[in-house]
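S.K.: Below is the structure I would like to discuss, written out as structure tokens.
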Amino acid sequence: MTPPRTTLRADARRNRERLIATAAEAFASGQPISLDAIAKRAGVGSGTLYRHFPTREDLVEEVYRDQLRPLREDAQALLATQRPAEALHAWTRRFAEWAGERRGICEALVAMSASGRFGRGPVCDEVQRILETILEAGAQAGELRSDVDPVDVGGILAGVLSVAGAPEQRAQLDRMLTVVVDGLRQR
């Protein structure tokens, strides 16, 4: 987990901000890059990078944490215009598209899910809150099961994205998401 921003000295805060900006630029390029290369481009040592971001997943989450507002807004708009199960299906599709457009996020979500860390970190926390909102609306409407943990649904999404997260796999992704949402329906 990354240290709270308020406890950092000014130089440490600048280093952290440089690392995030450099990583965002590197991830946007679409080319694979090592953490050591990101540190070098940011003008800091690898130790500095690992003090702020012990894992690649920590850095990826921090880069994308502020880009979740549209997903939150999408969930609210979908719930206002669709039945909860349909809203869940549409939102998971939008989330998959969002994740597919951001290099590293799918891999980070899969790694966090595999290590049991899904649901802890800025991106996962927000995805979990969004899923919780949709799942609760579905349970209240009697459409979706009430015994489902949003962390488990997030883990399932990570698994689906690991199999069908590429743009050319959208048809397979949609079929898999249909199965997931059907499995979450109230019986």
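The values are calculated or read from the model by the stated rules, or taken from the named source; none is laboratory data. For clarity, every value in this text was computed on a predicted model and none was experimentally measured. All Cβ positions, glycine included, derive from the backbone under ideal geometry; neighbour counts span all protein chains shown. Note: areas computed on protein heavy atoms with side chains; ligands, DNA, RNA excluded. Shrake-Rupley method; radii C 1.70, N 1.55, O 1.52, S 1.80 Å.
S.K.: Would you mind finding the one in Ala24, Ala37, Ala28 that is over 28 Å from Gln128 (Cα atoms), open to solvent by 10 Å² or more (accessible area, probe 1.4 Å) and either touching a residue at least 24 places away in the same chain (Cβ under 8 Å) or of a type outside the set (Val, Ile, Thr) (or both)? Steps first, answer last, please.
M.R.: Details: Ala24 fails: over 28 Å from Gln128 (Cα atoms); Ala28 fails: over 28 Å from Gln128 (Cα atoms).
Answer to the check: Ala37.
S.K.: On the given criteria, is Val127 open to solvent by less than 40 Å² (accessible area, probe 1.4 Å), assigned to a loop (DSSP other than H, G, I, E, B) and either modelled with pLDDT of 90 or more or closer than 13 Å to Trp91 by Cα (or both)? Outline the logic, then answer.
M.R.: On the way: open to solvent by less than 40 Å² (accessible area, probe 1.4 Å): yes; assigned to a loop (DSSP other than H, G, I, E, B): no; either modelled with pLDDT of 90 or more or closer than 13 Å to Trp91 by Cα (or both): yes.
No; evaluated as a whole, the condition is false for this residue.
S.K.: Counting just the residues of segment 40-50 that are touching a residue at least 12 places away in the same chain (Cβ under 8 Å) and not small (Gly, Ala, Ser), which one comes out least open to solvent (accessible area, probe 1.4 Å)?
M.R.: Going residue by residue through segment 40-50, those that are touching a residue at least 12 places away in the same chain (Cβ under 8 Å) are 41-44, 48-50.
Filter once more, keeping what is not small (Gly, Ala, Ser): 41, 44, 48-50.
Numbers: Arg41: 153, Val44: 21, Thr48: 23, Leu49: 0, Tyr50: 95 Å².
So, considering only residues that are touching a residue at least 12 places away in the same chain (Cβ under 8 Å) and not small (Gly, Ala, Ser), the one least open to solvent (accessible area, probe 1.4 Å) is Leu49.
S.K.: Please go through segment 20-34 and give me each residue that is closer than 17 Å to Arg51 by Cα and under 19 Å from the mean Cα position of the chain (by Cα), ordered by number. Don't jump to the end; show me each part of the working.
M.R.: From segment 20-34, those closer than 17 Å to Arg51 by Cα are 20-23, 34; that's our starting set.
Once the filter is applied, which keeps residues that are closer than 17 Å to Arg51 by Cα and under 19 Å from the mean Cα position of the chain (by Cα), segment 20-34 yields Ile20, Ala21, Ala23.
S.K.: Another question about this same structure. Which one is farthest from the chain's Cα centre (by Cα) among residues in segment 147-179 that are under 18 Å from Leu135 (Cα atoms) and not in a helix (DSSP H, G or I)?
M.R.: Per the stated criteria, the residue is Asp147.
S.K.: Check Thr48, Thr2 and return the single one that is over 30 Å from Gln169 (Cα atoms), modelled with pLDDT under 90 and out of contact with any Cys (no Cβ under 7 Å at 6 or more places or on another chain). Give the derivation first.
M.R.: Numbers: Thr48 fails: modelled with pLDDT under 90.
So the residue among Thr48, Thr2 that is over 30 Å from Gln169 (Cα atoms), modelled with pLDDT under 90 and out of contact with any Cys (no Cβ under 7 Å at 6 or more places or on another chain) is Thr2.
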